[in-house]
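A short write-up of the structure that comes next.
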Amino acid sequence: MAISTVFILLICGICTNMVSAIFGIGGGVLMVPILRTLFPELPIQVISATSLTIVMCTALINLLFFHKQKIKIDHINMILWSIAMVISVQIGFELSFYFSTAIISLIFTVSLSALAIKTFLNRSRTQIEVFNMSPMERAKGSISCCGGGLIAGITGIGGGSILAPLVGQLKGVKTQQIAVYTNYMMIIGGIGNLYGYLTRVFPYDVSLSGQLGYVNFLVVGIVTLSSFGMSFFSMKLRGLMNPALTRKLLAIILFCIAAYMCILEFVFR
């Protein structure tokens, strides 16, 4: 691997940690287009699996800091929503083998564009203290996680990108809890699906070092190491960000990445 590529991956780790800690979106939205640019020879399924593994590792780093901040969440919700995400991510990953690269890229672009518009137009709502979430809200959360996980499995976006805006709409979920919920789900979902990435028959001939199953652990290691080094600063910055500004910035980031992926796949290829 060239030194320039390693340097770019280190920068990616810094950016991935920042967007994951501040916005709760996992960083997969950054990693998929970047990995497609750096390694165009890799199958899209390898890009997706490697991206989701990076997301899982970054989420684990973030949760260590969230634990110190003592942000409380409903663990029943977290478990139910994580199970829904594990199942749907695996289904999405299997479905990705039936879609062409162009279709997967189109799903990626449309999903991010829709989320960007929804996030930008969404107004801040009054936070209501809810100690016991209703069964209807829990079911609504599970359905949202199923949809988010399905798209994540197909595209490698990282479920947090989709789940952060959706979880934020649920009654009883506070703004500061969104990133905690999504990072928990990304870890549990990642662990649940890593087995599938490593055990599925790998029919491709990949020259890049560190390839095991559909995951390239050399890329994962470089990005995760860089992400860990950025963690403390990211958490400090998270505490200073205004919620309304955070929402607007998230919408702009999602739209820019969707536009870049669209240009990369449908203009330059």
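The values are calculated or read from the model by the stated rules, or taken from the named source; none is laboratory data. The structure presented is a predicted model; accordingly, all values stated were derived computationally and were not measured. With ideal geometry, Cβ positions are generated from the backbone for all residues, glycine too; neighbour counts draw on all protein chains shown. Accessible surface areas use protein heavy atoms only, side chains included; no ligands, DNA or RNA. Shrake-Rupley method; radii C 1.70, N 1.55, O 1.52, S 1.80 Å.
Yes/no per residue for (1) modelled with pLDDT under 75; (2) within 16 Å of the chain's Cα centre (by Cα); (3) farther than 21 Å from LEU9 by Cβ; (4) among the hydrophobic types (A, V, I, L, M, F, W, C):
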residue: GLN176; (1), (2), (3), (4): no, no, yes, no
residue: MET186; (1), (2), (3), (4): no, yes, no, yes
residue: TYR195; (1), (2), (3), (4): no, no, yes, no
residue: GLN211; (1), (2), (3), (4): no, no, no, no
residue: PHE228; (1), (2), (3), (4): no, no, no, yes
residue: MET235; (1), (2), (3), (4): yes, no, yes, yes
residue: ASN242; (1), (2), (3), (4): yes, no, yes, no
residue: PHE255; (1), (2), (3), (4): no, yes, yes, yes
Residue list for the stretch 244-253, filter: open to solvent by 80 Å² or more (accessible area, probe 1.4 Å) and either under 18 Å from the mean Cα position of the chain (by Cα) or among the hydroxyl-bearing types (Ser, Thr, Tyr) (or both): ILE252
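Those residues that are open to solvent by 20 Å² or more (accessible area, probe 1.4 Å) and within 16 Å of VAL89 (Cα to Cα), I need them from the stretch 53-79; list them, please.
MET56, ILE79
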Can you pull out every residue in the stretch 22-34 that is more than 20 Å from GLN177 (Cα to Cα) and either open to solvent by 10 Å² or more (accessible area, probe 1.4 Å) or at pLDDT 85 or above (or both)? LEU30, ILE34
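A quick yes/no check of all residues on (1) under 19 Å from ILE188 (Cβ atoms); (2) modelled with pLDDT of 80 or more; (3) not hydrophobic (A, V, I, L, M, F, W, C):
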residue: PHE66; (1), (2), (3): yes, no, no
residue: GLY92; (1), (2), (3): yes, yes, yes
residue: SER100; (1), (2), (3): no, yes, yes
residue: ALA114; (1), (2), (3): no, yes, no
residue: ARG125; (1), (2), (3): no, no, yes
residue: ILE128; (1), (2), (3): no, no, no
residue: ILE143; (1), (2), (3): yes, yes, no
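Search the stretch 80-119 for residues being among the β-branched types (Val, Ile, Thr) and closer than 15 Å to SER48 by Cβ, and hand back the single one that is surrounded by the fewest Cβ atoms within 10 Å (Cβ to Cβ).
Just the residues of the stretch 80-119 that are among the β-branched types (Val, Ile, Thr), to begin with: 83, 86-87, 89, 91, 101, 103-104, 107, 109-110, 117, 119.
In the following step, the residues that additionally are closer than 15 Å to SER48 by Cβ were identified as 89, 91, 101, 103-104, 107, 109.
Values: VAL89: 31, ILE91: 16, THR101: 15, ILE103: 13, ILE104: 21, ILE107: 18, THR109: 22.
Across the stretch 80-119, the extreme among qualifying residues is ILE103.
Run down THR50, THR16, THR37 and say which single residue is open to solvent by less than 10 Å² (accessible area, probe 1.4 Å), closer than 30 Å to VAL201 by Cβ and at pLDDT 85 or above. Let's see the steps before the verdict.
On the way: THR16 fails: at pLDDT 85 or above; THR37 fails: open to solvent by less than 10 Å² (accessible area, probe 1.4 Å).
Every option except THR50 fails the conditions.
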Exclusive hit being more than 23 Å from ALA179 (Cα to Cα) and of a type in the set (A, V, I, L, M), set VAL55, VAL19, VAL6: VAL6
